[in-house]
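Any read-out appearing in this document is the output of simple, stated calculations on the displayed coordinates, not a laboratory observation. Bear in mind the structure is a predicted one, so any value in this text is a computation, not a measurement. Positions of Cβ are generated from backbone atoms using ideal geometry, with glycine treated the same way; all protein chains shown enter the neighbour counts.
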Amino acid sequence: MKRSIIVFLSILFVFTYNLSFVYGNVTHQEPKQDSLAHLWKTREIKINGKIGITDIATPATEIPQFLSLSGLPHPCNDSIPEDISTQVTLRNKSLSKDSLCSADLIWVLRPYLQWLQNIDPHLRAEPQPIHFSNVKKADNISVFDFLSLNINDTLIVERSINPLFRQGDRILRINNVPVSQYLQYCYDDRHIYPFTLLTNYHYAIITAFDYKIQLARNGNIMEINTPGLPWKEVYLKLNQQCEFQSRLFRDAKTGYFRIGEFYPNNNLMIKKLRTAIKQTQREGCTSFILDLRGNLGGNGHAFDRLLSIFINKPAISYLRGKRLKVSPWTLQDYDFLTADMLGSVIEVPSQYANKTVYLNQQLYIPGMQFYVLMDKDTSSIAASFCNIMQYNGAALLAGEPLRHNALKYGETVSARFGISGLYLTVSTVEFDEYSHAVDGVLMPDITIPYIAQDYLTGRDAMLDKLLEIIKHDIKN
């Protein structure tokens, strides 16, 4: 989630029935709560498996109501292109179903959801069980225990907490279903967690009692069976494998530190980072890589201290301006907003926007060439960090371009997407950062192209290529 630097505002609402119609091109004259609850009840679908959950069947005739931004608290009011609407209509007709479960709905709306993602990477629709008790049960359900790297629809094991799966394994099928089928129901993310892959595909996380994974390794096809582990445990252990990982590449005279996310309290991370940089300096290193690939953002706590390590200035300019869509979601967050502003997009007064970041020059570490590794999943506050570093000449960005408008929106809210089994996350604020971004895309100073083949050896191709570049620069 995007945030304001230094002061983080986390906004997450779970709405009750009487607010469920806010998303999509649906009237704001909501039915009474009892009639809406009755309608919801008539559309419930029971999905049975390891646990039982309740999904919602959406009538196929209601699909056009989803295709709009007009009812959203998002500052952008772009009209949906006709070809996107046509694609959704054709997909809807091709299913020949009177009503659609969450997975069907995701597949039908996929052209629209991808269009939304291009407007704002924060705009996401994901399936979620209707009843809160089901959500809690699903949190602890078992999934296979590796993280996938998605390169041009080729799924490769990126990290695993199960020794049966190795980095570089190419995943071919999951429970006899080709991975290409699963990917039709997912966003084009670079890093895909098992929970997302399975939930989006007809709640396979529920209906699969264990997992049969067909994979290719060193030219050999093999099958591995695993009962998996609870989702929360898988997520935690996968992140622990790389979080605050510090390495030393002596032949490149380079240190390395990885940040997987930013926290409500970043003090420990900042302390470990400064220690890692100082240690590499003592080892004779002249370069340092900060790895933010796959970092979806988080909290801007103590970002002034973090930036002080790299930028030797008393202060830097951060924002030119900040706008927001006045809605019931934002009305309570700023005391200058009034009900008669509802629906309008307004400029946020300077006192409510951190336009300047003041730095502590005592924290600055001189004498190092810094590099920041990024990929298209580097988002939100992590994307802003990359941008600030590049704009102030504090580091060279390496990797691949960020997503379109990765810097532009944030401070999200979430709620049910109409009367459906999907939850939609929406940005409420538009940022205008000082940036060298081109047409809304932040470009790396060092572009590192790669293909799936580069990762099948189990090596980290992007990191390897950056180290080769650094070593070449040292020799010359």
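General observations
- The modelled label-to-label distance for the pair Asp83/Lys272, using points 7 Å beyond Cα in the direction of Cβ, is 4.5 nm.
- Surrounding net charge for Gln184, when Lys and Arg each add one and Asp and Glu each subtract one, Cβ distance under 13 Å: -1
- Model label points for Ala315 and Ile51, set 7 angstrom from Cα along the Cα-to-Cβ axis, are 5.0 nm apart.
- Extension gain, Asp98 to Thr286: 0.36 nm times the residue separation minus the Cα-Cα distance gives 61.3 nm.
- Packing-based exposure ordering (other Cβ within 10 Å, fewest first) of Val438, Val157: Val438, Val157
- Annotation for region 353-398: chymotrypsin sites (Phe, Trp or Tyr not before Pro) lying in DSSP loop with at most 16 further Cβ atoms inside 10 Å of their Cβ are Tyr364.
- A Förster radius of 51 Å combined with the Cβ-Cβ distance from Ile474 to Asn176 puts the calculated FRET efficiency at roughly 0.50.
- Counting only lysines at least 8 places from Lys322 when in the same chain, those with an alpha carbon closer than 16 Å to its own are Lys2, Lys355, Lys408.
- Couplings 3J(HN,Hα) for region 73-79, derived from phi with the Karplus relation 6.51 cos²θ - 1.76 cosθ + 1.60 (θ = phi - 60°), are x, 8, x, 7, 10, 4, 7 Hz, where x marks Gly and Pro.
- Footprinting exposure proxy for Ser35, Ser287 (fewest neighbouring C-beta atoms within 10 Å first): Ser35, Ser287
- Dipole magnitude (debye, nearest 20) for the chain, charges at Cβ of Lys, Arg, Asp, Glu: 1180 debye
- Separation in nanometres of the label points that stand 7 Å from Cα toward Cβ, at Gln279 and Ser133: 4.9 nm
- Exposed loop sites were defined as GluC sites (Glu not before Pro) in DSSP loop states (anything but H, G, I, E or B) carrying at most 16 other C-beta atoms within 10 Å; in the chain the longest segment without such a site runs 1-242.
- Positive-pole candidate from Pro64, Ile84, Val234, dipole of the chain, charges at beta carbon: Val234
- FRET efficiency, 1/(1 + (r/R0)^6) with R0 35 Å, evaluated for Gln362 and Ile161 via beta carbons: 0.30
- Two-site FRET efficiency, Gln240 against Leu342, from Cβ-Cβ distance with R₀ of 41 Å, rounded to 0.05: 0.40
- Each other residue within a Cβ distance under 9 Å of Cys285 adds +1 if Lys or Arg and -1 if Asp or Glu, for a net charge of +2.
- Answer label, with Cα extents along the principal axes in Å calculated from the coordinates and candidates (1) 69, 62, 39; (2) 64, 49, 47; (3) 67, 54, 43: (1)
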